[in-house]
1. Please state which of the following conditions Ser316 fails to meet, knowing it meets all the rest: (1) of a type in the set (S, T, N, Q); (2) under 18 Å from Leu40 (Cβ atoms); (3) touching a Cys at 6+ places or on another chain (Cβ under 9 Å).
2. For residues that are within 16 Å of ligand 2 (Cβ to nearest atom) and within 13 Å of Leu125 (Cβ to Cβ), scanning just the range 257-306, find the one that is surrounded by the most Cβ atoms within 10 Å (Cβ to Cβ).
3. Output the residue which, of all residues in the range 156-180 that are in a helix (DSSP H, G or I) and in contact with a helix residue (DSSP H, G or I) (Cβ under 7 Å, 6 or more places away or on another chain), is surrounded by the most Cβ atoms within 10 Å (Cβ to Cβ).
4. Limited to the range 58-95, what total is found for residues that are in a loop (DSSP other than H, G, I, E, B), under 21 Å from Ser13 (Cα atoms) and of a type outside the set (Lys, Arg)?
5. When only residues in the range 109-130 that are touching a Leu at 6+ places or on another chain (Cβ under 9 Å) and assigned to a helix (DSSP H, G or I) count, which is surrounded by the fewest Cβ atoms within 10 Å (Cβ to Cβ)?
6. Answer yes or no: is there a residue in the range 265-282 that is more than 28 Å from Asn156 (Cα to Cα), away from ligand 1 (no atom under 16 Å from the Cβ) and among the aromatic types (Phe, Trp, Tyr).
7. So which of Leu113, Leu78, Leu84 ends up being aliphatic (A, V, I, L, M) and under 27 Å from Met1 (Cα atoms)?
8. Regarding Gly134, is this residue surrounded by fewer than 24 Cβ atoms within 10 Å (Cβ to Cβ) and within 12 Å of ligand 1 (Cβ to nearest atom)?
Amino acid sequence: MKIVYSPKHKQHSPPFEIYDDVKEEYAEKPEGIETIYNFLRQKGVGSVISPGSFSMDNIRKLHHPAYIDFLKKRSGQLRKGEILYPSYFITDTYIAVTSGTYNAAIESVNIVLTGATGILDGEKLAYSLCRPPGHHAEERSMGGYCFFNNAAIAANVLSKTEKVAILDIDFHHGNGTQNAFYERSDVLYVSLHADPRFKYPYKTGFAEEKGKGKGLGFNINYPLKLKTGNKEYLETLKKALRDIAEFNPKYLVVSLGFDTYEHDPICDFKLTIPFYEEIGAEIKTLNKPTLLVHEGGYAVDALGEIAYNFLKGLSS
Ligand code: Q9C
Ligand code: ZN
């Protein structure tokens, strides 16, 4: 398995977020990806490669040029150490732009597209260590720590001639990914996440959102109650995997968030570290070429072990 990694994400490291008018430490820290990367290297899992670079067209298919230009321009205007909390092209107001944000976000897309290229070349499994994450990013807006929608951009490339399923197991609903494919029948989006009545992104992720037009029936949401534990999660995951098996895609993209972990500092599920091996093993039963795309996960110290267990289940 190839692990795609770049140190450029460290250029994006805002010191704090502003949430309901209160300054808090920025939860989405560079240390998250670094912990996963170092742990897997130390365990000798996979072979690490650096991302290549790709045409901006891949991003322009998912994001409006005005939004891309805004992010590039405003990020480029900042000096090192300056922070911007944008007032538009944003769905919420607590993520921050710094001088390195645009470059890091572009590199995150390069990371996912390098993983996708491997899958198109016949690899069975690739792990894209994307940061910043992507699944909350919409056509014209950043949000939820996300700037460009890495998973959606990769799924769009993989779906040029084939059917693709996206399984989103981040704690939060992937509003950006859902929107991107809401009217398409060649890309199935299936998500397990916290009930949006209580948790971010609040506005989407309800079970009645099933797709529109040609896409009707190709968007499936499984909102789960707060404090969901291993057993209930597994039952729902099995349903989601049955949906995907029925759709029978050529490729699988997993939006892989580890913020479902019981001690995640900003989330509320109760999944335990050993359970991630079971999640991996269940996904493996689909037996599809699989692109793993890192999303959330804020219990920095546990992320290495969680990723390791997940991969153990997926590859054993
Ligand atoms: N003060 C991802 O997991 N909620 N984004 C903010 C913390 C953040 C999470 C509350 C939800 C966004 C990729
Ligand atoms: Zn999340």
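What follows draws every value from the coordinates through simple rules; no lab data is involved. Values in this document were obtained by computation on a predicted structure and should not be read as measured data. Cβ atoms come from the backbone with ideal geometry, glycine included; neighbour counts cover every protein chain shown.
1. (3) is the only condition that Ser316 fails.
2. Checked the range 257-306; the qualifying residue surrounded by the most Cβ atoms within 10 Å (Cβ to Cβ) is Val293.
3. Looking at the filtered set, the residue picked out is Thr177.
4. Here the count works out to 14.
5. Across the range 109-130, the extreme among qualifying residues is Leu120.
6. yes
7. Sole residue among the options that is aliphatic (A, V, I, L, M) and under 27 Å from Met1 (Cα atoms): Leu113.
8. Against the criterion (surrounded by fewer than 24 Cβ atoms within 10 Å (Cβ to Cβ) and within 12 Å of ligand 1 (Cβ to nearest atom)), Gly134 does not qualify.
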